[in-house]
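Accompanying notes for the structure given below.
Bear in mind that the values in this text are calculations on the coordinates, not laboratory data. Predicted model, so just to flag it, every value in this text is computed and none were measured. Note that we place each Cβ from the backbone using ideal geometry, even for glycine, and neighbour counts take in every protein chain shown.
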């Protein structure tokens, strides 16, 4: 498996380039490895993500992507956004 193609198999994930955390088979992703190669830090990473998103999401009410043309970085190791410019409208203050 080429690492940069993980979780982007069009035969397994419909529209694999679209972020959809609610997709039916979202749990089939390979982000933390599997079997004896499963990441020992996965539970902590999931907890950190839940806390971070729990604090961040309420602040982003009314946010929108500021630039419709997103630039991606593709390499053997990953597929990631170069940046994600967001426009905040009426965001709540913490």
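Mind sorting 37, 79, 12 by how few other Cβ atoms lie within 10 Å of their own Cβ, fewest first? Don't jump to the answer; show the numbers that get you there.
Numbers: 37 7, 79 16, 12 11.
Placing the least packed residue first, the sequence is 37, 12, 79.
Would you calculate, for the chain, the mean residue ellipticity at 222 nm contributed by helices, counting each DSSP H stretch of 4 or more residues as -39,500 (n - 2.57) and dividing by all residues, to the nearest 500?
Numbers: 1 runs with 15 residues, N = 94.
Value at 222 nm, helices only, nearest 500: -5000 deg cm²/dmol.
Quote the relative contact order of the range 35-94 in percent (integer), defining contacts as alpha-carbon pairs under 8 Å separated by 6+ residues. Write down the numbers at each step before the final one.
Details: 50 pairs, mean separation 20.8, N = 60.
For the range 35-94, the relative contact order is 35 percent.
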Decide, for the chain, between rounded, prolate and oblate: order the square roots of the alpha carbon gyration tensor eigenvalues as a ≥ b ≥ c, take rounded if a/c falls under 1.5, and otherwise choose prolate if a/b is larger than b/c, else oblate. oblate
Residue exposure sequence - 15, 9 - by fewest surrounding Cβ within 10 Å: 15, 9
Between the range 10-25 and the range 46-78, what's the alpha-carbon centroid distance in Å? 17 Å
